[in-house]
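Nothing in this text is a laboratory measurement; each read-out follows from the coordinates by a stated rule. Note that the coordinates shown come from a computational prediction; the quantities given were computed from them, not determined experimentally. Note that we place each Cβ from the backbone using ideal geometry, even for glycine, and neighbour counts take in every protein chain shown.
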Amino acid sequence: MTKLVECRHLTCAYGNAVVVKDVDLAITSGEFVGVVGPSGSGKTTLLKAILKSIAPTHGHIDHSPGLRLAYVPQVETVDWNFPVTVTEVVVMTQSQGRWWPRITNAERSATEQMLERLGLGGLGNRHIRELSGGQQQRVFIARALFHQPDLLVLDEPTSGVDVRTRHDLMHLLADLNEGGMSILLTTHDLNGLAAHLPRLVCLNTTVIADGAPNEVLTPAVLEQTYGAPMEVLIHGGMPVVLEHGADEISRRLSRRSAS
Amino acid sequence: MILLGLDLFEPYHFAFFRNGVLVATIAGALCGVLGVFVVLRGMSYIGHGLSHAVFGGAAASAVMGLNYFVGAGVWGVWSGVLIGRIARRRIIGADAAIGVVTTASFALGLALLNRYGQAKKSIEAVLFGSVLGVKTSDIIAVTVVTVVVVIIVVMAYRKMVFATFDPDVAEVTGVQVQWVEALLMVMLSLTILVTMRVIGTLLISALLVIPASVSRMTTNSIARMLWVSPAVGAASGFIGMNMAYHLDTSVSATIILVAAAMFAVVYGATGVRGRVRISALHHV
Ligand SMILES: Nc1ncnc2c1ncn2[C@@H]1O[C@H](COP(=O)(O)OP(=O)(O)O)[C@@H](O)[C@H]1O
Ligand SMILES: [Mg+2]
């Protein structure tokens, strides 16, 4: 198995604030890796460093020769008012050696196929704002796939989407992974997403744990990652994470409404 | 042609007017093209700052007896690239720093002209533009820059759109975003340089912003904006120039007023939809 990406002693900072510290992480071809951690724990920063879109203050990132990367940003960071249609977004990555900007017929049919495959058939001429949250997310996945990456990187792909959309999205990602594509994503959704992945990296500035969900989703690791006590149940062989003291809150609130 | 007692063709007997109309129309189209990127990037304060910086360069080159295009051009392009780099790094307070430095350059230009220049006339010409001063070299300069800008925008269209919409992802996908941005700043500096003598320093940023905003209200496609915006810019330049002659008003002020009138008409005609579209443009 070839290593696609390898970070050694990776440290990133904004000014004096160190937000990713001494991270060692390797991703081999064919893997599906999830990075979990609370908000502000440095997940997005780690992704950007891996993509080499920000420079580390210490340490190294190595890419395998000729590695093709594609990035699906968190939907909240996209400018949805930008005047582009779905098709224009998807073909955006095809800019090499082009003297005339018009979308070619070949591109148009390839785009239509891609949109069809992602359940976006017939939406090519829509403005990107005129789509549902799940459709918007998939447009950006379509753009990434159109680039034919070896490693697909997604930042919080399930934030702000409903259960059904999340379910469809995970099937799509599983299909892609089975088709040989390596995937790296971040999430703060432990039960809905992270627990289903083969490998998790728990991050809170530095790597707290790295392994299969039933190895890393333990009360000790979670408390260190999230800074709050959590309980872990095993349900059908899969870990389910519960917030410690959730029952206490509901007891207090129900007592209030009773009085 | 006689309209409301005005001979519309009368000014065309004068060579200076024919040159002026030509330059104003081309300048409007040129500003319209680049204005699309300026507006979508929320960079209108950069257009404003850059025109003030170029003014400083123009004044300094006048005082030193340098050719305008050489002196102001070198200064303008250099400050454009520098401003672009500072703005890109999104350092807190970068806007303020750019504002202070370009305003200082403007003030220095004024002071130099006061002290060493040929009095008020030349200052007024640079601030508000002047048709009388349009020479053959201005026509050539604005035409060359327009042709170059159109070729670059056509050839680098997808890269420019990608880098404008989503610079991080563009970078990861192999677009050299830094170069695209530097190229945009160079084109912007050259545009300001060659249009400044007609439009003047003070109103040039309006010609970058208004036609592009009008086009944004009419469409949800950047490709179509790149046709509509230069058309609006060119029409403003052409109509404004003619009206200025008959009304005996300042050329640059009239051009901007015509553009603003088109904005008002389209704002009214497109209703809520148009308003929603431009509400997302930052810093306009
Ligand atoms: N461009 C930036 N400049 C300064 N600080 C930043 C920047 N981006 C993120 N941060 C800070 O770095 C920390 C980690 O952010 P981020 O990597 O976005 O975390 P996550 O994606 O896990 O929520 C946060 O405290 C955030 O405020
Ligand atoms: Mg994040």
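Just a few scattered comments:
- Strands (runs of 3 or more DSSP E) (entirely within the stretch A:1-71) containing at least 1 residues that are touching a residue at least 60 places away in the same chain (Cβ under 8 Å): A:3-14, A:17-28, A:32-36
- Residues satisfying the stated conditions in the stretch A:156-214, i.e. among the β-branched types (Val, Ile, Thr), more than 16 Å from ligand 2 (Cβ to nearest atom) and closer than 23 Å to residue A:51 by Cα: A:183, A:206, A:207, A:208
- Counted residues, the stretch B:195-252 - those being more than 22 Å from residue B:142 (Cα to Cα), assigned to a helix (DSSP H, G or I) and within 14 Å of chain A (Cβ to nearest Cβ): 9
- Residues in the stretch A:80-99 that are under 22 Å from residue A:121 (Cα atoms), facing chain B (nearest Cβ under 8 Å), surrounded by fewer than 23 Cβ atoms within 10 Å (Cβ to Cβ) and of a type in the set (Ser, Thr, Tyr): A:85 only.
- All of A:180, A:236 fail the test of being free of Cβ contacts under 8 Å to residues at least 60 places away in the same chain and not hydrophobic (A, V, I, L, M, F, W, C), apart from A:236.
- Checklist (1) under 20 Å from residue A:202 (Cα atoms); (2) among the hydrophobic types (A, V, I, L, M, F, W, C); (3) away from ligand 1 (no atom under 16 Å from the Cβ) applied to residue A:92, failing item: (1)
- Among residues of the stretch A:179-224, those that are within 16 Å of ligand 1 (Cβ to nearest atom) and in a helix (DSSP H, G or I), counted: 3
- Test: residue in the stretch A:225-241 that is more than 16 Å from ligand 2 (Cβ to nearest atom), within 19 Å of the chain's Cα centre (by Cα), of a type outside the set (D, E, K, R) and more than 25 Å from residue A:144 (Cα to Cα): no
- A count restricted to the stretch A:49-71 and to residues that are facing another protein chain (nearest Cβ under 7 Å), within 16 Å of ligand 1 (Cβ to nearest atom) and buried (at least 19 other Cβ atoms within 10 Å of the Cβ) stands at 2.
- Residue in the stretch A:122-132 that is touching a Lys or Arg at 6+ places or on another chain (Cβ under 6 Å) and crowded, with 19+ Cβ neighbours inside 10 Å present: no
- Some residue of the stretch A:72-79 being more than 16 Å from ligand 1 (Cβ to nearest atom) and surrounded by 13 or more Cβ atoms within 10 Å (Cβ to Cβ): yes
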